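The next block holds one structure in the form of structure tokens; read it before the comments.
Nothing in this text is a laboratory measurement; each read-out follows from the coordinates by a stated rule. Note that the coordinates shown come from a computational prediction; the quantities given were computed from them, not determined experimentally. Cβ: placed from backbone, ideal geometry, glycine included. Neighbour counts: every protein chain shown.
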Amino acid sequence: MSKIVLITGASSGLGKATSEFLSSKGYKVYGTSRDPSKYTSPSSYKLLKLDVNDVASIDFTINFILKKEKRIDLLINNAGVGITGPGEETDVSEMKKNFNTNFFGAVLLMQKVLPTMRDNKKGLIINISSIAGYMGLPYRGCYSASKGALQLFTESIRMEVKKFGVDILTLAPGAFSTNIADRRYHSPIKNGPYKDDYKKSLEEMNKHVSDGSNPLEIAEFIYNLSNNESKYRVHYKIGAWLQKFSLILKKILPDTVYEKILMSFYKI
Ligand SMILES: NC(=O)c1ccc[n+]([C@@H]2O[C@H](COP(=O)([O-])OP(=O)(O)OC[C@H]3O[C@@H](n4cnc5c(N)ncnc54)[C@H](OP(=O)(O)O)[C@@H]3O)[C@@H](O)[C@H]2O)c1
């Protein structure tokens with residue numbers, strides 16, 4: 001029986017690559033976009049309308065899938081958006097929008113899919129977080145916080161659902177070459193105290209994404225994870241060696257030393 005997959009944010013980047021790859025392996029993939037009409041219909045998977053901020057659209061799409069398939073084996077909470085800006089200047093309403101998508105959106109999807117996974121006594125949920133969620137990055141405080149929140153929420157809910165046969169984990173990518181930098185909310189560079197540092201940090205961040213790894217690596221990783229029916233760890237990381245090594249340094253170095261390294265890396 002082919003696995004039934006729901007993946008949010010399948011119109012672009014990591015979600016698109018993963019949807020194509022899982023379909024090529026025989027999975028039945030239901031991907032989503034806020035506006036599928038903007039894209040050429042994918043040949044190998046369905047692209048359905050869903051906005052993670054709109055409960056009615058989540059209900060509609062999940063009911064549609066369950067009516068046809070009676071189950072969802074794998075939920076990949078991939079939809080997400082970036083946000084940059086100095087913490088002092090960034091509009092809090094933009095920060096709330098970011099949390100609504102990156103954190104509450106994933107929470108809502110879990111809440112809506114868990115009843116059917118519990119009924120089937122089986123299911124896997126992969127929450128796409130970020131290596132940025134393990135540390136507060138300069139000029140990306142809100143993004144780091146939204147992904148860090150998703151990591152902690154995952155740790156909690158995972159323990160609650162274990163006895164129902166459902167596994168929940170996070171997969172934290174480093175920098176991957178996608179459209180995320182173009183679609184980010186960028187707080188405007190103001191003529192103020194943060195102008196030069198914020199500008200330099202933005203240039204560094206954009207370079208990391210454009211020089212980032214191939215999204216196919218994530219697709220293959222998810223495929224292998226989804227076939228590993230044994231014990232799952234709670235957190236997985238994927239990305240360039242240096243990005244993963246930075247997490248080891250964070251664990252072993254004193255905070256002040258780690259902070260100095262981060263600041264020199266971002267040239268601030
Ligand atoms: N690329 C990286 O370096 C990187 C690193 C770490 C983590 N991540 C995470 O990986 C995930 C995928 O990002 P990506 O790099 O592939 O970015 P992307 O190319 O910009 O794709 C983002 C996807 O999210 C969807 N989306 C955005 N807002 C949505 C909403 N409100 N409701 C439903 N779907 C929404 C978009 O679909 P529509 O616009 O069609 O609705 C799009 O398919 C995100 O969670 C991101 O934070 C990426």
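When restricted to Cα atoms, segment 205-268 yields an Rg and a Dmax of 15.3, 45 Å, respectively.
Measuring r between the beta carbons of Lys251 and Lys121 and using R0 = 35 Å, the FRET efficiency lands at 0.45. Packing around the peptides 135-141, 58-64, taken as the average count of other Cβ atoms within 10 Å per residue, puts them in this order, highest first: 135-141, 58-64. Judged by the mean number of other Cβ atoms found within 10 Å, the most tightly packed of the peptides 79-91, 4-16 leads the ranking 4-16, 79-91. Three principal axis extents of segment 117-165 based on alpha-carbon atoms, in descending order, are 43, 15, 12 Å. Given a Förster distance of 25 Å, report the FRET efficiency between Glu203 and Asp91 from their Cβ-Cβ distance, rounded to the nearest 0.05. That gives a FRET efficiency of 0.70.
Computed from Cα positions, the angle between helix 141-161 and the longest principal axis of the chain comes to roughly 40 degrees.
Extension gain for Ser230 to Lys267 (0.36 nm times residue separation, less C-alpha to C-alpha distance): 9.0 nm.
The share of Cα pairs per 10 Å bin across segment 160-231, counted from zero up to the longest distance, runs 15, 32, 23, 18, 10, 1 percent. With N as its number of residues, segment 26-140 has a Cα radius of gyration that, divided by 2.2 N^0.38 Å, comes to 1.20.
Distance distribution P(r), the chain, all Cα-Cα pairs, bin width 5 angstrom from 0: 1, 6, 13, 17, 19, 17, 12, 8, 5, 2, 1, 0 percent. For the peptides 143-156, 185-198, residues were scored by their other Cβ atoms within 10 Å and the scores averaged per peptide; the highest-first order is 143-156, 185-198. With the helix formula -39500 (n - 2.57) applied to DSSP H stretches of n ≥ 4, the chain reaches a computed 222 nm mean residue ellipticity of -15000 deg cm²/dmol. Potential lengthening of the chain between Lys25 and Met1 amounts to 7.4 nm, from the contour at 0.36 nm per residue minus the alpha-carbon distance.
So what's the gap between the Cα centers of segment 135-181 and segment 14-45, to the nearest angstrom? Going from one Cα centre to the other spans 22 Å. Proximity of backbone amide H atoms, modeled 1.01 Å from N, is registered between Tyr185 and Gly82, Ile83, Thr84 at under 5 Å, excluding neighbours fewer than 5 places apart on the same chain. How big is D for segment 1-77, in µm² s⁻¹ as a whole number, if Stokes-Einstein is applied with the Kirkwood radius of its Cα pairs at 4 °C and 1.567 mPa s? It diffuses with D of about 106 µm²/s by this estimate.
Expressed in units of 2.2 N^0.38 Å, where N is the residue count, the Cα radius of gyration of segment 144-268 is 1.27. Our estimate of slack between Ser43 and Arg71, defined as 0.36 nm per intervening residue step minus the Cα-Cα distance, is 7.8 nm.
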